[in-house]
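**Q** Attaching a single structure in structure tokens format; questions to follow.
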Amino acid sequence: MIRLTAKPVVLKNNSPVQAVPGSLQDRSGTIAYSILQKHNTAAGSDGMRIRFDALVSHDITYVGIIQSARASGMKRFPLPYAMTNCHNSLCAVGGTINEDDHVFGLSAAKKYGGIFVPPNVSVIHSYAREQLAGCGKMILGSDSHTRYGALGTLGVGEGGPELVRQLLKSTWDIRPPQVILVWLTGTVKKGIGPHDVALALVGATFKNGFVNNKILEFAGPGVAGLSMDFRNGIDVMTTETTCLSSIWTTDEKTKQFYENHGRAQEYSQLSPKEGAYYDGMIEIDLAKVESMIALPFHPSNTYTIHYFNEHAKELLEQVEAEAREMFKNVSPDLVSKCKDGKVIADQGIIAGCSGGMFESIAEAASIMRNRKDGGSFSFSVYPTSLPVALDLTRKGISASLLEDGALIKPCFCGPCFGAGDVPANNGLSLRHTTRNFPNREGSKPGEGQISFVALMDARSIAATAANNGVITAATDVDYEDVTQSYRFDGSAYEKLVYNGYGNPVPEEELILGPNITDWPKQYPLEENLLLRLCAVIHDPVTTTDELIPSGETSSYRSNPIRLSRFALSRRVPDYVSRCEAVAALEGERRSGKCPEELAKVLKIAGISPDELSHTQFGSCLFAHRPGDGSAREQAASCQRVLGGCANICY
């Protein structure tokens, strides 16, 4: 199904062949480099300094970004900046905090000339696809899954400070990345969806680091047979391979996408040039892709559904053992889901930037028409945007789902990170979302609660729902796919979205709720730095939710001091208090005192007390691999608030 080639390849007569040993590593013929070079302000140097065409953030990150940028002198947004409100849409925790952030966001859009997308209108990546993407463009987002490669756009997900730099007219500085060719052949079978292909790709590349910090470039004869929703569904999941970004060849279907969205001028044909050089290759035979499942606790923990069902007890015992190792006070019980040779799940969710697209929901509805009775399996569907929800309604697809026992919910990312549709203790939830990390389903292992998420494509989730919760591959279901073509109607955006780009109103007052605070004063690093190690983590990866838990903490993203109290709370409970003890010593040093402990360390280090005014004392964390994606921003910000001065990792 998937084959990896670690040796360089070049394109000859529209086919990849192994590059001649010692050949020039000239990547300029790739689509990726044609776009990067157009955006590079440091042409001719060893590094790249990139300026983007647009920025996107959601309501977990945009407040901190704007607060940092305005503290650094920003007067207006110098490029289109869309702020969506798809993460903190629920206000059950923290009183008015989330809605206060939304009000702040709208006032900032007016003051600085931004784009504000209200809650439940669109998830961040859907809006970017529909309104901001363009062939040959680059978009930077403060969310890990900023991926628009199927639309000919290099999307990059980074921490908020990188967006601040763009707002200050600075650059994203990188070393020239390697490019991996993803060569698609064959045609997918009926019942196979984008998540099946994506999970197979993640499973083949994540653990071995094959594409780490490289750009994936999708090409080959198999691309033409994939719809744009299918391509977007694969593309958004490339984040989970740890690649830097992704890009696809464009064709008539890409052109039709832009025409359907009233943006025909954004299309141009993109394809690699003859002789394009790639640092490696991934070959995917789409015809051999099977219905897939990713077991807890990572999208790379993949198996075909058929293999999983045959070895369910053994595989679920492994998940239980991993859960006990990570969380000492829980009592996981997944093996009880095995009954009479079948595995019965409790819940199914189709949501967000990966699952909530029109075609996945429409085909799921076709499969759901086989449902005989509801049973105890709950099934919820979250369309990715109001235009998608509108067309699903007009074509009767939403009505069909409701008739067959599904629940239609707002345009919301919550199920992807543990807000909304939280299963019961020891519940097993099947989700067409991007991640199934620990705690991404909303449980609190620290309080003895645990539930589990397995990732599957919307089609197999619908097949499971139709089979009363018995995990079922969609390829095993006989159904008539009556999916109709999607028609975009942007009238909801015209009525609800504030688009002030290019028209800032400087006299507009920012509206700051009681939870929105400025960043604490930060001091420049001194000439000397002494560090106390406050956490040592040997796990292969410290996940997003271990750095900063999701759920209730999301309400405090706009309050750096309060948010910092949650740093590593689920992984190293004493981390915050240890950091605060170090910060107290640094406070004494700044006041001109020399604490006894600090004096001892200075003596051991051979530093004269006279150097105390030039020697800063800070906390430090060691981890094998401390986090990924936008979590880096929030975790590092919290560490800095606590007095952290360094992270050390392999």
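**Q** Order of 53, 610 from fewest to most other C-beta atoms within 10 Å? Could the numbers behind the result be given before it?
**A** Working: 53 18, 610 9.
Listed from fewest to most nearby Cβ atoms, that is 610, 53.
**Q** Given axes a ≥ b ≥ c from the Cα gyration tensor, I'd like to know whether the stretch 535-600 is rounded (a/c under 1.5), prolate (a/b larger than b/c) or oblate. Walk me through the numbers on the way to the answer.
**A** Details: a/c = 3.94, a/b = 1.72, b/c = 2.29.
Because a/c hits 1.5 or more and a/b fails to exceed b/c, the stretch 535-600 counts as oblate.
**Q** What's the angle, to the nearest 10 degrees (0 to 90), between helix 194-205's Cα axis and the longest principal axis of the chain?
**A** For helix 194-205, the angle is close to 50 degrees.
**Q** Classify the stretch 528-649 as rounded, prolate or oblate, taking a ≥ b ≥ c as the square roots of the eigenvalues of its Cα gyration tensor: rounded when a/c is under 1.5, otherwise prolate if a/b is larger than b/c and oblate if not.
**A** Here the stretch 528-649 falls in the prolate category.
**Q** May I ask you to compute the full-extension gain from residue 485 to residue 287, defined as 0.36 nm times their residue separation minus their alpha-carbon distance, rounded to one decimal in nm? Please list the in-between numbers first.
**A** On the way: separation 198, 0.36 × 198 = 71.28 nm, distance 2.30 nm.
In short, 69.0 nm is gained.
**Q** Sticking with this one: Filter the trypsin sites (Lys or Arg not before Pro) in the stretch 155-213 down to the DSSP loop ones having no more than 15 other Cβ atoms within 10 Å, then list what survives.
**A** Counting only loop positions with at most 15 other Cβ atoms within 10 Å, the trypsin sites (Lys or Arg not before Pro) in the stretch 155-213 are 169, 189, 190, 207.
**Q** Something else now. Can you say what percent of the DSSP beta bridges in the chain, counting only those with both residues inside, are antiparallel? Round to 5. Write down the numbers at each step before the final one.
**A** On the way: 26 of 83 bridges.
In the chain, DSSP labels about 30 percent of beta bridges as antiparallel.
**Q** Further question: By how many degrees, 0 to 90 and rounded to 10, does the Cα axis of helix 631-641 deviate from the longest principal axis of the chain?
**A** Relative to the chain, helix 631-641 is tipped by roughly 20 degrees.
**Q** Next up: Let me test this: with uniform point scatterers at the alpha carbons of the stretch 283-367, what is the Debye-based log₁₀ I(q)/I(0) at q = 0.13, 0.14, 0.24 1/Å?
**A** -0.57, -0.66, -1.29
**Q** May I pose another question? Determine, from the Cβ-Cβ distance of residue 253 and residue 533 and an R0 of 41 Å, the FRET efficiency 1/(1 + (r/R0)^6), rounded to the nearest 0.05.
**A** 0.15
**Q** Local charge sum around residue 489 (other residues, Cβ-Cβ under 13 Å, Lys/Arg +1, Asp/Glu -1)?
**A** Charge balance in the 13 Å sphere: +1.
**Q** Using the alpha-carbon centroid of each, what span in Å lies between the stretch 358-414 and the stretch 226-281?
**A** Computed from Cα coordinates, the inter-centre distance equals 27 Å.
**Q** Just want the ordering: 585, 163, 428, from fewest to most Cβ atoms lying within 10 Å of their own Cβ. Write out the running numbers ahead of the final one.
**A** Numbers: 585 22, 163 28, 428 25.
The order, fewest Cβ neighbours first, is 585, 428, 163.
**Q** Moving to a separate point now. Per DSSP H run of n ≥ 4, the term is -39500 (n - 2.57); total these for the chain, divide by its residue number, and report the mean residue ellipticity at 222 nm rounded to 500 deg cm²/dmol.
**A** Mean residue ellipticity at 222 nm (helix-derived): -8500 deg cm²/dmol.
**Q** Same structure again: Could you put 340, 229 in order, starting from the residue whose Cβ has the fewest other Cβ atoms within 10 Å?
**A** Values: 340 6, 229 22.
By the 10 Å Cβ count, ascending, the order reads 340, 229.
**Q** If you filter the stretch 367-420 for trypsin sites (Lys or Arg not before Pro), then keep DSSP loop positions with at most 11 other Cβ within 10 Å, what is left? The partial results should precede the final answer.
**A** Details: sites: 369, 371, 372, 394, 395; in loops: 369, 371, 372, 395.
For trypsin sites (Lys or Arg not before Pro) across the stretch 367-420 that sit outside H, G, I, E and B with at most 11 neighbouring Cβ atoms in 10 Å, the list reads 372.
**Q** Using Cα atoms only, what is the angle between the long axis of helix 358-368 and the major principal axis of the chain, expressed in degrees (0 to 90) to the nearest 10?
**A** Relative to the chain, helix 358-368 is tipped by roughly 50 degrees.
**Q** Starting from the Cα of residue 25, move 7 Å in the Cα-to-Cβ direction to define the label point; list residues of the stretch 166-180 whose amide nitrogen is under 14 Å from there.
**A** Correct set: 175-180.
**Q** So if we plug the beta-carbon distance of residue 402 and residue 588 into 1/(1 + (r/R0)^6) with R0 = 56 Å, what FRET efficiency do we get, rounded to 0.05?
**A** E between residue 402 and residue 588, to the nearest 0.05, is 0.30.
**Q** Still on this structure: Roughly speaking, what is the stretch gain from residue 370 to residue 608, that is 0.36 nm per residue apart minus the C-alpha to C-alpha distance, in nm to one decimal?
**A** Working: separation 238, 0.36 × 238 = 85.68 nm, distance 7.89 nm.
Length difference between fully extended and current span is 77.8 nm.
**Q** Quote the FRET efficiency, to the nearest 0.05, computed for residue 561 versus residue 169 with a Förster distance R0 of 35 Å and r equal to the Cβ-Cβ distance.
**A** Computed FRET efficiency for residue 561 and residue 169: 0.75.
**Q** Hey, another quick one. For residue 43 and residue 6, compute 0.36 nm times the residue count separating them, minus their Cα-Cα distance, and round to one decimal in nm. It would help to have the intermediate numbers written out before the result.
**A** Details: separation 37, 0.36 × 37 = 13.32 nm, distance 2.84 nm.
The residue 43-residue 6 span can extend by a further 10.5 nm.
**Q** Now, a different point. For the chain, what does the convex hull of the Cα positions come to per residue, in cubic angstrom? Walk me through the intermediate numbers first.
**A** Working: hull volume 106.3 nm³, N = 650.
Output value, Cα hull per residue: 164 Å³.
**Q** Now for a different question. Would you work out if the stretch 465-582 is rounded, prolate or oblate? Take a ≥ b ≥ c from the square roots of the eigenvalues of the alpha-carbon gyration tensor; rounded if a/c is under 1.5, else prolate when a/b is larger than b/c, oblate otherwise. List each step's numbers first, then the result.
**A** Details: a/c = 3.13, a/b = 1.35, b/c = 2.32.
It is oblate, given that a/c is not under 1.5 and a/b is not larger than b/c.
Coordinate-derived values only; no laboratory data. Bear in mind that the values here come from a model prediction, so they are computed numbers and not experimental data. Glycine gets a Cβ as well: all are built from the backbone with ideal geometry, and neighbour counts include every protein chain shown.
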